[in-house]
Amino acid sequence: MTDSVSGRHVAVVTGAGSGIGRAVARAMLDEGYRVALAGRREAQLLETADGHPESLAVPCDVTVPDDVTRLFAAARERWGRVDVLFNNAGIFGPAGGVDEISVADWDATLAVNLTGSMLCAAEAVRTMKAQEPRGGRIINNGSVSAHSPRPRSVAYAVTKHAMTGLTRSIELDGRDFGITCGQIDIGNTATEIMDTIGVGSGALQADGSRRVEPMFPVEDAARAVLLMAGMPPSANVGSLIVTAAGMPFIGRG
């Protein structure tokens, strides 16, 4: 799973303009990966890259098939292959119960979190099947909400549960082609999305109360992704849960 010119891995990171995606992209660049940075806002991608010579900023909306095709074509044109996809782009979506959210907000959340991940995975698999040497690794960013949802987050929770099915299906279908797939489920790492749901100031709990929850540095989440990405082709981390120590996840609510 290495580039024939330099022996270094080539990675595509979606949602690389902020949060976990930014931290993972920077960690990969520091580890010697060649990284295609994908996101809707070019200025933020360039800020993530910070002038690194082995980075490539590719503005991309993962819900648009042509954008995704162009993203992977750009990585192949620059480096000849793709070894790792970190499928990370996502939004939290509307706050509300199933009877309260709009169809438009539901569709928008599924489009980014689920369909976008499928489109990127599909393009990655096509690339990994065709390249020589064949194969690669896909890492899907799920969430602890794939196991235990927060209140009033039905659209987000559904997409993250569905991500597990996507991960397992890719892992199964990729076996004959040297393609592995795993899912990392991260809980309460310090990013902007945690601010939107009030984790640091008081997040809504299942009993209706609000509670300040612990968080952990996003750089530590990136280290966990690097662990998964750096496994040899003979091994795969199929599922990894990383949470802030003491967060209300086991026994949530």
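Some observations on this one:
- Exactly one residue out of VAL62, VAL98 is in a loop (DSSP other than H, G, I, E, B), at pLDDT 95 or above, over 20 Å from the mean Cα position of the chain (by Cα) and within 25 Å of ILE186 (Cβ to Cβ): that is VAL98.
- Filtering the stretch 181-226 to residues that are among the small types (Gly, Ala, Ser) and either assigned to a strand (DSSP E or B) or touching a helix residue (DSSP H, G or I) at 6+ places or on another chain (Cβ under 9 Å) (or both) leaves GLY182, GLY187, ALA190, GLY200, SER201, ALA203, ALA221, ALA222.
- Scope the stretch 129-152; condition touching a Phe, Trp or Tyr at 6+ places or on another chain (Cβ under 7 Å), in a loop (DSSP other than H, G, I, E, B), touching a residue at least 60 places away in the same chain (Cβ under 8 Å) and on the phi < 0 side of the Ramachandran plot; matching residues: SER148
- Selection of the stretch 31-64 for residues being of a type in the set (Ser, Thr, Tyr) and either touching a strand residue (DSSP E or B) at 6+ places or on another chain (Cβ under 8 Å) or buried (at least 20 other Cβ atoms within 10 Å of the Cβ) (or both) yields TYR33, THR48, SER55.
- When TYR156 is tested against (1) out of contact with any Phe, Trp or Tyr (no Cβ under 8 Å at 6 or more places or on another chain); (2) not in a loop (DSSP other than H, G, I, E, B), exactly one condition is not met: (1).
- Matching residues in the stretch 99-111 - criterion: being among the hydrophobic types (A, V, I, L, M, F, W, C) and within 15 Å of SER145 (Cβ to Cβ): LEU110
The values are calculated or read from the model by the stated rules, or taken from the named source; none is laboratory data. What you are looking at is a predicted structure, and each value in this text was computed from that prediction instead of being measured. With ideal geometry, Cβ positions are generated from the backbone for all residues, glycine too; neighbour counts draw on all protein chains shown.
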